[in-house]
1. Hey, can you find the accessible area per residue of the stretch 288-367 for me, probe 1.4 Å, expressed in square angstrom?
2. Calculate what fraction, in whole %, of the accessible area of the stretch 340-379 sits on carbon and sulfur atoms when a 1.4 Å probe is rolled over the protein chains.
3. Quick check for you: which residues of the stretch 279-312 have the amide N under 17 Å from the point 7 Å beyond the Cα of Ser171 toward its beta carbon?
4. With N denoting the number of residues in the stretch 225-304, provide Rg(C-alpha) divided by 2.2 N^0.38 Å, to two decimal places.
5. Once label points are set 7 Å from the Cα along Cα→Cβ at both Arg100 and Asp261, what is their separation, rounded to one decimal in nm?
6. Starting with the highest mean, order 206-214, 163-171 by the number of other Cβ atoms within 10 Å, averaged over the residues of each peptide.
7. Residue by residue, what Karplus-based ³J(HN,Hα) values in Hz, rounded to whole numbers, does the stretch 284-297 have, using 6.51, -1.76 and 1.60 with θ = phi - 60° and x for Gly and Pro?
8. Could you please tell me the mean projected area of the C-alpha convex hull for the stretch 243-361, averaged over all directions and given in square nanometres to one decimal?
Amino acid sequence: MYIFNNTTLKFMCGSNASSCLTQTDLNIIAYNSSIPFNISEKKLRVPIKVRAESGIAVMMQLQIKFMPQAGLKLEKLNVTNQQKFFTCVQQNCSLNSILRSGNDVEVEVILKQDINTLVGRLVKQLDNITLVITATCLNPDIDDTNNNITLIFSPHFIPSVHILNMSVPESVLGEAAEFSDGQKSVTFPRDSFLLDDPKKSKSLGLIYQHRITLRNTGTTRLPNLTVNIEWPVIYLDDDILVMLLVQQPVHEKADVNNNCDILNTPSSLISNLLKIQCDIINLEVNEVSQIKVEGIILKSYFEKIGYASYTFVSSWSMELESPSGTRVKTLPEASTNGTISTVLTMRPPPAEVPVWAIILGVIGGILLLVALGGVLYKIGFFKRKRPPVRPASQQRTSGRTEDPQQVEERKETQKNKV
């Protein structure tokens, strides 16, 4: 869309004004008169064109005017062709060179956003921002009729939230022998889906926790943010609740714990999905809020499914409120819904050996030992060879050593006897 507004310039020459009166037009062209933009730290760049339709050269000035408390500030003007530039003092910018007849200059108006002011305008639901660009020249005797263009700026707020969802842990493995039955504490009908005694949860079944972490990465505070969670629960034989919550879900923000609301009761349960709603109020810029939902699946459920692995899946969705009160369900750079899964596995208890089998085993072992001993006895396994017995005199002789002196005395005694 092109908008042409003409500026009439009059030049007085000496004392005879009529002889030197020259009429000159400056054409200002704006490519869009209505400019929507998103509130952020980014700068707004608005292209315009100024063309001299005169018989002489002119020294041009551009003046930028805003509505009071607009939220936009002029930072500078850039000339995108030739080697011209503007020198700006507050809202008045002068071209450094002459704009000759038939020539034009491409100008980029660079505006800086005042985020707090712009957000305040949205909260108060004020009108759009009007920007007026006025073209003048250095001649004080200028005709100021139709010498400006008007641009309408429409600010919009797009929130930015970084979302991280995870299961803690991602998988859980347990031994069935470590857990008790625990069905008496969760028998249906019940008035809630919470475990009666959270302190006993570790002895009843496998525990898992799903976390949703949200960080406000936008440019302003989020007044209201809602996270809706669908949490499956399971009944065994339509009367025993075997998958439920350990305790009330919470969300943590700025060192403050806030409870989430459970929206349905056992009597209003649909498709065995528990509805949980967490409202986060006034999430400041760069502030983090974390939602924690802790569940448990009892041992009796694994007994029912034959101790097969089970994948638990919860789903969540988020919507938030902009400063203007508009509900936002989609974000340009983040998903506003997702799922979290946990793999749960419980190993079966070791098989029990019946007493009669133990008794038969003991008796069979004894009989086997007796039979084996008899066979060994028959083949002479228990008999062994003994060394031959020598006469006692040999044993005495071989068993001692005589002294040489005693031998001589014995010989002498035998000679004397002869």
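1. 54 Å²
2. In the stretch 340-379, the share of accessible area belonging to carbon and sulfur is 79 percent.
3. Residues passing the 17 Å test: 307-312.
4. 1.29
5. 7.4 nm
6. 206-214, 163-171
7. 6, 4, 6, 7, 10, 10, 10, 9, 10, 10, 10, x, 9, 10
8. So the mean shadow area of the Cα hull is 12.6 nm².
The values are calculated or read from the model by the stated rules, or taken from the named source; none is laboratory data. Since we're looking at a predicted model, the values are computed, not measured. Here the Cβ is made from the backbone with ideal geometry for all residues, glycine too, and neighbour counts use every protein chain on show. For accessibility, only protein heavy atoms count, side chains too; no ligands or nucleic acids. Shrake-Rupley method; radii C 1.70, N 1.55, O 1.52, S 1.80 Å.
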